[in-house]
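Have a look at the structure below before the remarks.
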Amino acid sequence: MGDARAMTQTTTPATSTAPAPAAHLGGAAPPPSSPERLEAHEPGTQGRGVHGRGPHHLGAEHLEAHRRELTGYCYRLLGSAVDAEDAVQLTMLRAWRALERFDGRSSLRTWLYRIATNVCFDELAGAKRRAMPVDLSPAPSEPVASSLGAPLEDSVWLTPAPDARVLPEGDPADVAVARESVRLALVAALQHLPPRQRAVLLLREVLRWPAEEVADLLGSTTASVNSALQRARATLAAKEPRPGSPLDALDAEHAALLRGYVAAFEAYDMDALARLLHAEVVQSMPPFALWLRGVDDVVAWHVGPGAGCRGSRVLPVAANGSPALAQYKPSPDEPGVLRFWALHVLRAAEGRVVEITNFVDPRLPALFGLPDRLEA
């Protein structure tokens, strides 16, 4: 598939520096006595020596320097940005507790990836594959309120991730490679792989680790790693490609399409919106199983059950390596207030919008550093 093929054209991202402090966002909370984040200058951390490291001294700041790239790795494995944040937090806590026993036989980065991989494997044990609404039912829904149904639990859905949490900083070429590897369609495709194949593919073809190093990390053999990589490639190659391509912020046609979408949506001009939509456009709204196909049904939803979105405003954000939009719609209980409603992620084909995914999740403002409300 087009998004999956980008996986085989990547190079190792540069190790990133620590991002701005972020709150713990969901899942299992850390132990009550543990910090939300390892602080570089807490008492006892500075100058903390580690056997086998010669003159080097490792402290919390050395672990934190890897948080961003580890979050990107865990996100690709787990398909959930919130679960990835939790997995990395647990990785950091485990590493901190074991830091005095780190003997330097591998690099600190490799050691952290080993811990993070095991944390993710534990998380994935017995878990069902995360998906998108179009993956769960073969036929589209009718554009009526009864099609919406009740929201399904969080563990069912693939979730978006903010670029600032999962993409490395540094060399633009490395950032471009990492951006391709966090596209929603590609992360969705990765969920079809068993966890070990998923890890092998990411370590070998995104991070460009040698097979021997991956085998050591997984406690396996080089032959087993190469076999897993071949099976993973075959599975991705057999997947039906998603329509169109993700929006590219540097593509002038995509930028114009996004501006037109914003103008039409904020004006709630359905004629203008319809002109921007591909004939086979698909719209979905996780955590609801509903998905719509075709211009008429998408417009019918907007003027029917979705009419409460009239008067919305959107803010630009960056999600999964692409431009996206945070939607705030009028609050029915607070005059003059717009409340966060959904994150819009678009795909384009033939100069039109071919896919609209509206992620309806109240955790997203905190994850993306957005306000919960705006003044109308």
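Of all residues in the range 323-348, those being open to solvent by less than 10 Å² (accessible area, probe 1.4 Å) and hydroxyl-bearing (Ser, Thr, Tyr) number 1. Scanning the range 268-307 for residues that are among the small types (Gly, Ala, Ser), closer than 20 Å to Asp135 by Cβ and open to solvent by less than 20 Å² (accessible area, probe 1.4 Å) yields Ser284, Gly294.
Quick check: anything in the range 230-243 surrounded by 20 or more Cβ atoms within 10 Å (Cβ to Cβ) and closer than 20 Å to Ala348 by Cβ? The answer is yes; a qualifying residue exists. With free of Cβ contacts under 8 Å to residues at least 24 places away in the same chain and more than 19 Å from Leu184 (Cβ to Cβ) as the only criterion, which of Ala307, Ala300, Ala376 stands out? Going through Ala307, Ala300, Ala376 in turn, the sole match is Ala307. Take Leu99 and decide whether it is aliphatic (A, V, I, L, M) and modelled with pLDDT of 55 or more. Against the criterion (aliphatic (A, V, I, L, M) and modelled with pLDDT of 55 or more), Leu99 qualifies. Residues being open to solvent by less than 30 Å² (accessible area, probe 1.4 Å), within 22 Å of Glu180 (Cα to Cα) and in contact with a Lys or Arg (Cβ under 7 Å, 6 or more places away or on another chain) are represented in the range 349-365 by at least one member. Restricting the search to helices (runs of 4 or more DSSP H) fully inside the range 117-218 and requiring at least 3 residues that are over 23 Å from Val298 (Cα atoms) gives 163-166, 172-181, 184-190, 195-201, 211-218.
For the range 194-215, residues that are acidic (Asp, Glu) and either at positive phi or at pLDDT 95 or above (or both) total 2. Residue selection: Ala289 fails the criterion of being of a type outside the set (Lys, Arg), closer than 28 Å to Pro362 by Cα and free of Cβ contacts under 8 Å to residues at least 12 places away in the same chain.
The values are calculated or read from the model by the stated rules, or taken from the named source; none is laboratory data. These figures come from a predicted structure and were not determined experimentally. Note: ideal-geometry Cβ built from the backbone for every residue, glycine included; neighbour counts use all protein chains shown. Just so you know, the surface numbers come from the protein's heavy atoms only, side chains and all, with ligands and any DNA or RNA stripped out. Shrake-Rupley method; radii C 1.70, N 1.55, O 1.52, S 1.80 Å.
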